[in-house]
Structures are given as C-alpha cells and as structure tokens.
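Please read the structure below before turning to the comments.
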Amino acid sequence: MNDIREIVTKAVVAKGKKIIRETTNITPDNQADAILGCWIINHQFEAELSGDKANVLGEYEVNIWYSYDNNSKTDIARKVVNYEKKINTRNIGTDINRDCRDIIITATQSPTCTNAQIVNDDICVDCTFELLAEVIGETKVKVAILHQNDYYDFTNED
C-alpha cells in the first residue's frame, strides 16, 4: 500500500531575466582625440522582492582610455554609473508560501562596453549586461512511501 507524504522545502519557485542596455556620457578632463580602450569594472548589485518583481539597485565603473593633445598624451576618464531596474518573474510552481520568499540575483553576463564614440566634448559609451532573478520560497513536494514499516537488511550480500 502506498502512502503519500508532503515535504515542505525551499526551492526556486519563480524566475526572470533581463538584458540591460544603457548609454552613459563621460566628460573627460581633456578634449579626446581617439578612444584607445574601454572597460567596465566593479559591478555590484543587490535586490529586494516586491510582489512578482525583483527591484535591483546596482552600480559599475566605466573606464575610458583616450588620447588627447593631437594624440601625443593619454589619460583615463572614469565614471561610476548607478542603475535601478525591475525584473519580472514568472512562477514555476504552485502551492507557494508567499510570506517566506527570498531573492537571488546573478549577473549571467557581466557589463561590457559594446560601443564607445566621441560626441562633441563627451565620450558616449554603450553598455550591455544580463541579470537573472531567482525567487526562493517554501513549497511542498509529494513523495510516495512504499511500505512504511518495512526494514531492509543490506548487510547480507549474496
């Protein structure tokens, strides 16, 4: 005779992801002649759950290596970019306790510079990255108990 038991456990109960594309302008200390390199570092973020959405607050630092003074000198322009994004999540299962949920945010693609160009006195930088939101919550798993009072002896091997 089979009995069914319900186990209460924590599991991923909802997911969502978002590709973020942002453009920021950086004003260098000197009039840039050419862009020699662009990189993005120090990406940090945190999130809180609001209904079925993850509210993500984060920041990253954009560094632009550029030449100036008729390409005879170089310098680095830096800017910290703050962002606030909402990620919609979709429920994976049912029978979820909505009072005991946590959120985990992962950068599945780190911020990268996809384009940088000189526009008047500024350097315009396009950045792309992807965030994954996973909602952890209590849910129930049903398992079948084959024979509740049977004991198996694994000590005798034939």
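The values are calculated or read from the model by the stated rules, or taken from the named source; none is laboratory data. Remember, it's a predicted structure, so these values are computed and weren't measured experimentally. Cβ: placed from backbone, ideal geometry, glycine included. Neighbour counts: every protein chain shown. Heads up: the accessible areas ignore ligands, DNA and RNA and are worked out on the full protein's heavy atoms, side chains in. Shrake-Rupley method; radii C 1.70, N 1.55, O 1.52, S 1.80 Å.
Here are some notes:
- Residue selected from region 98-129 under the condition surrounded by 15 or more Cβ atoms within 10 Å (Cβ to Cβ) and in contact with a Lys or Arg (Cβ under 8 Å, 6 or more places away or on another chain), by the criterion farthest from Val62 (Cα to Cα): Thr128
- Lone qualifier among Ile64, Ile35, Ile40 - being open to solvent by 40 Å² or more (accessible area, probe 1.4 Å) and either among the hydrophobic types (A, V, I, L, M, F, W, C) or within 30 Å of Cys100 (Cα to Cα) (or both): Ile35
- Filter result for Asp69 (touching a strand residue (DSSP E or B) at 6+ places or on another chain (Cβ under 9 Å) and touching a residue at least 12 places away in the same chain (Cβ under 8 Å)): yes
- Apart from one condition, Leu132 fits all of (1) under 30 Å from Glu6 (Cβ atoms); (2) modelled with pLDDT under 95; the exception is (2).
- Taking the criterion of being open to solvent by 30 Å² or more (accessible area, probe 1.4 Å), under 20 Å from Ile105 (Cα atoms) and not β-branched (Val, Ile, Thr), the residues of region 1-32 that qualify are Lys10, Ala11, Lys15, Lys17, Lys18, Arg21, Glu22.
- Ala32 touching a Gly at 6+ places or on another chain (Cβ under 7 Å) and in contact (Cβ under 8 Å) with a residue 12 or more places away in the chain: no
- Test: residue in region 87-96 that is closer than 23 Å to Gly51 by Cβ, open to solvent by less than 40 Å² (accessible area, probe 1.4 Å), part of a strand (DSSP E or B) and modelled with pLDDT of 90 or more: yes
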